Each structure stands twice: as C-alpha cells, then as structure tokens.
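The values are calculated or read from the model by the stated rules, or taken from the named source; none is laboratory data. As the structure is a prediction and not an experimental result, all values here were calculated from the model. Positions of Cβ are generated from backbone atoms using ideal geometry, with glycine treated the same way; all protein chains shown enter the neighbour counts.
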Amino acid sequence: MLIVGERLNVSRKGMEALVRGRDEAAIRAEAIRQVQHGADMLDVNAGALVGEEPEALRWLVATVQSAVDVPVCIDSPNPAAIASALEVVRGKPLVNSISGEEARFRGLIGLVKERGCGVVALCVDDEGVPASAEESVAKGSRLVERLLGSGVPPGDIFVDPVVRPAGTDSGAGVSALEAVKDIKRRHPGIRAICGLSNFSFGLPHRSLLNRTFLVAMMSAGLDAAILDPVDDRLHAVIKAAEVVLGRDRNCARYVKAYRDGKLGSA
C-alpha cells in the first residue's frame with residue numbers, strides 16, 4: 001500500500017497562511033513529520049491560492065524536496081501550475097490529476113508524457129462526476145484507454161473512482177469498492193488510488209470511518225491512498241490488513257512494525 005500524505009494542502013486549517021508567508025521551516029517540519037509517520041509520497045496542493053497557484057506550488061514542491069527524499073504528488077487541475085512545479089521537481093512525481101474533461105486532458109497529457117510522470121486518472125468527464133459505480137467504470141475505462149493510447153504505461157496510471165461522502169450518499173462505499181474492482185479487472189496492470197477522507201466528510205468520528213473504509217478498499221484492490229499518515233492507528237490498520245489480504249510475505253512488515261512500536265496496544 002502506497003501511503004500519500006495529505007497534510008500539505010492549503011485547504012487545511014493554518015496551511016494557507018504558511019504557504020502565503022513562505023514559511024519554509026514550518027513546511028519542512030510538516031513534510032518531515034509525515035515521512036517519519038510512514039508516508040511514501042507527499043501530496044502538495046496550493047489550489048486555494050487563486051491567481052498565485054503556479055508560483056506557490058512551485059515553491060511548495062521545492063521546499064518539501066529540500067526536507068525529504070520521498071516523491072511528491074502534484075495536486076492541481078491547473079496545467080500552468082503543474083508545469084511550474086515540474087520545473088523544480090526531482091525524481092518521478094505523480095500528477096494529481098488528469099480527467100476525461102477534454103480541456104483538462106489536452107492541457108496535461110503532454111506534460112505527463114514529456115516528464116514520464118505517474119498520473120491520477122480521475123473518473124470525471126465533461127458530463128460531470130459519476131453518480132454510481134457503473135458511471136465510474138464507464139468514465140474511468142474511457143480515460144484509461146485514452147491514456148494507454150497516448151503512450152502512458154499501465155503501471156503509471158492510478159485510477160481514482162471519485163469517492164463520495166457517505167453522509168450524503170449511503171451507497172458511496174459500495175460504489176467505490178465495485179468501481180475499483182471492475183476497472184482493475186478490465187485494465188490489468190493499472191493501479192487504484194483514492195482520497196480517503198472524502199468518504200467521512202461531515203460525519204463524527206471520521207478516523208473510525210476512514211480506517212474501516214480503507215480496509216474494505218484494500219480488499220477491492222486499492223493500491224494507494226491519500227490520507228493523514230500522522231494517524232498512527234490508521235497506519236497499524238494498514239499493516240494488519242496487508243497480512244489478512246496476503247500482501248505481506250511471512251508477515252515481515254507487520255512484525256517489523258510491531259518491533260518498532262508502531263502498532264500500538266492491542
């Protein structure tokens with residue numbers, strides 16, 4: 001399971017002020033904290049800074065990379081902002097995200113191919129967001145086929161089924177599970193990702209819902225999740241789920257996490 005830390009997002013409380021103020025020390029500390037808690041990649045998002053996103057995102061990526069060595073997930077629908085960030089990025093980033101919306105696809109596909117990035121393929125098109133698993137599969141499959149046809153390798157494609165909040169759609173969880181299973185069955189070699197906290201938005205005790213939803217999604221074939229890695233109990237649940245799902249040979253990662261004191265109390 002690829003853990004993508006979600007905390008470097010200007011929509012989070014206090015983060016916008018840190019980015020506007022170019023507080024390098026605070027951003028570096030947050031990046032280090034997430035990696036210390038098990039993040040394999042860090043999502044960076046400056047989308048709320050209307051009019052200054054390209055410059056802010058570029059600065060954010062450079063600052064994060066000065067603190068940690070993990071890859072970045074460049075989170076923006078804005079081709080200009082992504083292009084700006086790619087000028088300073090190191091290693092192989094993940095672009096979050098491309099979609100079936102014509103203008104967005106055309107604006108980003110050239111950047112993705114030129115840089116050899118991984119890419120989040122959002123199951124959205126010009127007709128809007130999916131309202132069911134069937135719509136997610138249809139929109140996602142069309143987008144995957146277009147990406148493959150453009151020369152993007154299957155392993156670089158991370159399909160996002162677009163998780164809806166359970167508080168407004170009681171079938172949101174089942175819909176996401178079915179979409180991931182069906183899309184991966186149709187397109188061997190691609191991967192699946194989701195924003196975990198979307199599911200629990202607006203509900204109490206969100207961490208409990210997030211942990212439970214994540215295990216269910218892992219059983220459906222989820223490969224990566226954008227989440228809060230500072231939630232140590234969530235990290236422990238991931239290690240346990242990998243054992244249950246046969247993804248941890250000889251339970252090696254689980255035992256190591258236990259010896260490192262990262263599983264908490266039973």
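Working only within the stretch 19-38, note down all residues that are closer than 18 Å to A62 by Cβ and either of a type in the set (S, T, Y) or not in a helix (DSSP H, G or I) (or both).
Looking only at the stretch 19-38, we keep the residues that are closer than 18 Å to A62 by Cβ, and these are 19-32, 34-35.
Matches in the stretch 19-38: G21, R22, D23.
Confirm whether L122 is modelled with pLDDT of 95 or more, in a helix (DSSP H, G or I), surrounded by 15 or more Cβ atoms within 10 Å (Cβ to Cβ) and touching a helix residue (DSSP H, G or I) at 6+ places or on another chain (Cβ under 8 Å).
Details: modelled with pLDDT of 95 or more: yes; in a helix (DSSP H, G or I): no; surrounded by 15 or more Cβ atoms within 10 Å (Cβ to Cβ): yes; touching a helix residue (DSSP H, G or I) at 6+ places or on another chain (Cβ under 8 Å): yes.
Considered against the rule, which asks whether it is modelled with pLDDT of 95 or more, in a helix (DSSP H, G or I), surrounded by 15 or more Cβ atoms within 10 Å (Cβ to Cβ) and touching a helix residue (DSSP H, G or I) at 6+ places or on another chain (Cβ under 8 Å), L122 comes out as no.
Residue-by-condition table, conditions (1) among the hydroxyl-bearing types (S, T, Y); (2) out of contact with any helix residue (DSSP H, G or I) (no Cβ under 8 Å at 6 or more places or on another chain); (3) outside any strand (DSSP E or B); (4) within 23 Å of E24 (Cβ to Cβ):
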{"position": "L49", "(1), (2), (3), (4)": "no, no, yes, yes"}
{"position": "A56", "(1), (2), (3), (4)": "no, no, yes, yes"}
{"position": "W59", "(1), (2), (3), (4)": "no, no, yes, yes"}
{"position": "A62", "(1), (2), (3), (4)": "no, yes, yes, yes"}
{"position": "I82", "(1), (2), (3), (4)": "no, no, yes, yes"}
{"position": "G91", "(1), (2), (3), (4)": "no, yes, yes, yes"}
{"position": "S99", "(1), (2), (3), (4)": "yes, no, no, no"}
{"position": "A103", "(1), (2), (3), (4)": "no, yes, yes, no"}
{"position": "I109", "(1), (2), (3), (4)": "no, no, yes, no"}
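Which of the residues belonging to the stretch 1-34 are aliphatic (A, V, I, L, M) and free of Cβ contacts under 8 Å to residues at least 60 places away in the same chain? Break it down into steps so the answer makes sense when it comes.
Step one: filter the stretch 1-34 for residues aliphatic (A, V, I, L, M), giving 1-4, 8, 10, 15, 17-19, 25-27, 29, 31-32.
If the condition is that a residue be aliphatic (A, V, I, L, M) and free of Cβ contacts under 8 Å to residues at least 60 places away in the same chain, then L8, V10, M15, A17, L18, V19, A25, A26, I27, A29, A31, I32 are the ones that fit.
If you take the residues of the stretch 188-212 that are among the hydrophobic types (A, V, I, L, M, F, W, C), surrounded by fewer than 21 Cβ atoms within 10 Å (Cβ to Cβ) and part of a helix (DSSP H, G or I), which of them is farthest from the chain's Cα centre (by Cα)? Show your work before the answer.
Taking the stretch 188-212 as the starting set, the residues that turn out to be among the hydrophobic types (A, V, I, L, M, F, W, C) are 190, 192-194, 196, 199, 201, 203, 208-209.
Narrowing further to those that are surrounded by fewer than 21 Cβ atoms within 10 Å (Cβ to Cβ): 201, 203, 208-209.
Remaining after also requiring part of a helix (DSSP H, G or I): 208-209.
Working: L208: 19, L209: 18 Å.
The extreme case among them is L208.
Quick one: which residue in R146, R185, R164 is surrounded by fewer than 18 Cβ atoms within 10 Å (Cβ to Cβ), closer than 19 Å to D125 by Cα and among the charged types (D, E, K, R)?
Details: R185 fails: closer than 19 Å to D125 by Cα; R164 fails: surrounded by fewer than 18 Cβ atoms within 10 Å (Cβ to Cβ).
It is R146.
Consider S175 carefully, then state whether it is hydroxyl-bearing (S, T, Y) and more than 21 Å from L227 (Cα to Cα). Before you say what the answer is, go through the steps one by one.
Numbers: hydroxyl-bearing (S, T, Y): yes; more than 21 Å from L227 (Cα to Cα): no.
For S175, the condition - hydroxyl-bearing (S, T, Y) and more than 21 Å from L227 (Cα to Cα) - is not met.
Looking only at the stretch 48-61, which residues are modelled with pLDDT of 95 or more and surrounded by fewer than 18 Cβ atoms within 10 Å (Cβ to Cβ)?
E52, E55 - these are the residues of the stretch 48-61 that are modelled with pLDDT of 95 or more and surrounded by fewer than 18 Cβ atoms within 10 Å (Cβ to Cβ).
Being closer than 13 Å to V180 by Cβ, in a helix (DSSP H, G or I) and touching a residue at least 60 places away in the same chain (Cβ under 8 Å) is the filter here; which residues of the stretch 213-254 pass it?
M218
Is it fair to say R115 is more than 17 Å from the chain's Cα centre (by Cα), under 13 Å from P77 (Cα atoms) and in contact (Cβ under 8 Å) with a residue 24 or more places away in the chain?
Numbers: more than 17 Å from the chain's Cα centre (by Cα): yes; under 13 Å from P77 (Cα atoms): no; in contact (Cβ under 8 Å) with a residue 24 or more places away in the chain: yes.
Spelling it out, it is not the case that R115 is more than 17 Å from the chain's Cα centre (by Cα), under 13 Å from P77 (Cα atoms) and in contact (Cβ under 8 Å) with a residue 24 or more places away in the chain.
Of the residues S141, S175, only one is assigned to a helix (DSSP H, G or I), over 24 Å from K92 (Cβ atoms) and touching a Ser or Thr at 6+ places or on another chain (Cβ under 7 Å); which? Working first, answer last.
Values: S141 fails: touching a Ser or Thr at 6+ places or on another chain (Cβ under 7 Å).
Result of the check over S141, S175: S175.
If you take the residues of the stretch 88-117 that are surrounded by fewer than 17 Cβ atoms within 10 Å (Cβ to Cβ) and touching a Lys or Arg at 6+ places or on another chain (Cβ under 7 Å), which of them is nearest to G195 (Cα to Cα)?
G116
Identify the single condition in (1) of a type in the set (V, I, T); (2) under 23 Å from G118 (Cβ atoms); (3) without any contact (Cβ under 8 Å) to a residue 40 or more places away in the chain that T168 does not satisfy, given that it satisfies every other one.
Here T168 meets the rest and fails (2).
Being more than 29 Å from N9 (Cα to Cα), surrounded by fewer than 20 Cβ atoms within 10 Å (Cβ to Cβ) and of a type in the set (V, I, T) is true for just one of V255, V174, V215. Which residue is that?
V255
Could you tell me whether E16 is closer than 30 Å to G264 by Cβ, in a helix (DSSP H, G or I) and of a type in the set (D, E, K, R)? Lay out the reasoning, then the answer.
Details: closer than 30 Å to G264 by Cβ: no; in a helix (DSSP H, G or I): yes; of a type in the set (D, E, K, R): yes.
Considered against the rule, which asks whether it is closer than 30 Å to G264 by Cβ, in a helix (DSSP H, G or I) and of a type in the set (D, E, K, R), E16 comes out as no.
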